[in-house]
1. Hey, what do the phi angles of segment A:12-17 turn into as Karplus ³J(HN,Hα) couplings, whole Hz, using 6.51/-1.76/1.60 and θ = phi - 60°, x for Gly and Pro?
2. Between copies, how far apart are the residue A:147 label points? List them in nm, one decimal, shortest first, with each point 7 Å from Cα toward Cβ, please?
3. What gaps in nm, shortest first, separate residue A:51 from its twins in the other copies when you place the label 7 Å past Cα toward the beta carbon?
4. I'd like the Karplus ³J(HN,Hα) series for segment A:56-72: coefficients 6.51, -1.76, 1.60, θ = phi - 60°, whole numbers in Hz, and an x wherever there's a Gly or Pro.
5. Residue by residue through B:142-155, how many Cβ atoms from other chains fall within 10 Å of the Cβ on average?
6. Quick one: net charge around residue B:90, please, counting Lys, Arg +1 and Asp, Glu -1 for every other residue with C-beta under 13 Å from its C-beta.
7. Mind putting together the pair-distance distribution for segment B:42-103? All Cα pairs, 10 Å bins, whole percent per bin, short to long.
8. In nm to one decimal, list the spacings between the residue A:203 label point and its equivalents in the other copies, with label points set 7 Å along Cα to Cβ, shortest first.
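Values quoted throughout were computed directly from the atomic coordinates according to the rules given, and no laboratory measurement underlies them. Everything quoted here is computed from the prediction, not taken from an experiment. Please note: Cβ atoms are built from the backbone with ideal geometry, for glycine as well, and neighbour counts cover all protein chains shown.
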Protein chains: 2
Amino acid sequence: MTTTGNASARRGRPGHDVGAVVDAGIRIFTERGYDGATMDDIAAALGIAKSSVYHHVSGKEEILRRALNRALGALEAVFDHATDGAASTTGQLESVVRGSVATLVAELPSVTLLLRVRGNSDTQRAALARRRTLDVRLANLVIQAQSDGVIRADLDPHVVARLVFGTVNSLTEWYRPRADDHVGDQPDHHIGDKAAQTAGARDLADTVCAVIFDGLRVPALGAVVPNGPVPNGAVPNGAVPSVAS
Amino acid sequence: MTTTGNASARRGRPGHDVGAVVDAGIRIFTERGYDGATMDDIAAALGIAKSSVYHHVSGKEEILRRALNRALGALEAVFDHATDGAASTTGQLESVVRGSVATLVAELPSVTLLLRVRGNSDTQRAALARRRTLDVRLANLVIQAQSDGVIRADLDPHVVARLVFGTVNSLTEWYRPRADDHVGDQPDHHIGDKAAQTAGARDLADTVCAVIFDGLRVPALGAVVPNGPVPNGAVPNGAVPSVAS
DNA sequence: CGAATAACCGACCCTTGAGTCGGTAATCTA
DNA sequence: TAGATTACCGACTCAAGGGTCGGTTATTCG
C-alpha cells in the first residue's frame, strides 16, 4: 500500500526506498506546503542527507508527481467501482460519497496534498485536469439523479456537485484518524481540537451522507432517524444501500 | 472598503498606497501561494520596482497580516451581527450561513487566502487561532439549536459545524463573481469551467442553505420544506438558477 | 573472498528571492 | 520658489535552497 516495495531480502545496502521518500515528502509538503518545504526537510525527516534523496528521486517535483498520482488513482478507483455495477443512480451517488470519505480517511496525507495543489507547474496543472474529470463525473451523476427524480431538481446540478465535493473534501481540514496509525512524531499545531476527529471512518461517512442527503432540519413528525444512514419511509424505492468498506 | 484611503487630494507624489499593495498582494498570494509568490511579482502587478513596495510595507509578512485581518474582521462581523439581535436559534444559524456566503463572495480574495493559511509563522498561527474561535461559535450555535429541537440531534454537533463551514468555505475553490468587478487582467487557469460560477450571490446562498438544511433527497410528497430560506411552494420553482451550458 | 548492488555522504555550484541604501521625481502648501 | 511630503528607482547584500559530483559503506549473490 505504501509502495514501499517487497518485504524482506533486498539486494544492496539497507535503507530507504522511493516509497519512503514519497511518504516523507507527502508529510512534509502537507505540513509546510510544497513551496515552503525544502529538500533538506524531507531528508531530515528520513534521517539522511539531502544529496541521498536524489538517489531515489530525480527532484522535488517527482516526489509531488508520485504523491498526486497516488491520491488521484485512489479517487478515480472510487468512481470506477461505484459506477461499474448496475446500482441505482442514488446508489451510485451515495457510493461515491461513501467511497470518497473512505479514501480520504485512508489516504488522508496524499489527498490533502492533492486538494491544495494550485496549478503552479505542469505537474500541478496535470493533476488539476485529472481532478476536474472527477468533478464532471460527479456532476453527471447528479444530473442523472435529478432526471430520475431521486434527488431534488430545483438546484443547479453543477453547484450541487461542487458543494458535495466541497463538503467531503473539507474533511481534510480537520479529520485526523484514530491514533492507530503510526504517524511517528509530529509537533503539529493543526486545527486540533474537540472530540470530533476521533470519530470512526464509518460514523463519519454516515454523518456526511446524512447531512448531504437529508439536511440538518429535523425530519418531519413520525419519521425518526435511525442510524443506518438515512431514513426513507414513503419516499421512492429502497435506494441508499448504505454500503461501505 | 479597500483601505485605499481617502479619495482625492493627497499630499506628495501620486501613486500607490498601502491598500493597493495589500490588494495586489492578496491577488498574487492566492494565485501563486504565499511561499510561491515573490515580492517582485507583487511589484510587477503594481507596475513599480520591488524596492518601492518596501516604502508602503515593512515586508512580505506585513502584507499577509493585513490581508488576513481584513478577512477575519469581515467574518467576525458576520457572527456579531447574526447573534446580537434576538433572532431564533435557527434564524441565527441561517444568518451565519448566509452572511458567510455573502462575505465569501464580497471578500473572496482575502477569505480565500485566509482559508489556505497553514500556520507556518506566528502571523499565520495567530490567524488560525482567530479562525478557530469562529469554529467554536458556530459549534455552540449548533449545539444550542439541537437542544432547542430545531435541528436534528442525532449528529455530532462538532462534526456538523465542521461540515457546514466546510461546505460554505468550499465556495472559494470554484466560485468566481460575475464579471462586474474589475479584476483587471489575469491569465488564470483556475478551475474555470461550466456555468456554475456565474450564479448570483443571492441564488448561491439559497442553494447552500437548501443543501445544508434540507438535503438533496427529494422532499416527500405533500410534505413541508417550510419556512424562510429554501424554495418552497408545492415542490420546485422559485429559487436557484439551475442554468447550465 | 570478490563482484555486483543499493544506499548514503560532504562539499560544492548557482540561481532566486527578501530586504537595504542612497538617491531621484512628482505633487501640495506656504 | 522653498520646503515638506510621498512615491519611486537601480544597484546592491546576503542567505536559503535545488541540484550536482566524486567518492564511501553496507549487503547479497556466486
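1. Rounded to whole hertz, the list is x, 4, x, x, 7, 10.
2. Between copies, matching label points for residue A:147 lie 4.9 nm apart.
3. Nearest first, the other copies' label points are 3.8 nm away.
4. Values per residue, Gly and Pro as x: 9, 10, 6, x, 4, 5, 5, 4, 4, 4, 5, 5, 5, 4, 4, 5, 5 Hz.
5. Working: counts 1, 0, 0, 2, 2, 0, 1, 1, 3, 4, 10, 2, 9, 8.
Neighbouring Cβ atoms belonging to other protein chains average 3 per residue here.
6. Numbers: positive: A:217, B:98, B:152; negative: B:94, B:148, B:214.
Summing Lys and Arg as +1 and Asp and Glu as -1 gives 0.
7. Histogramming segment B:42-103 at 10 Å steps yields 20, 31, 19, 18, 11, 1 percent.
8. Distances to the matching label points in the other copies: 4.0 nm.
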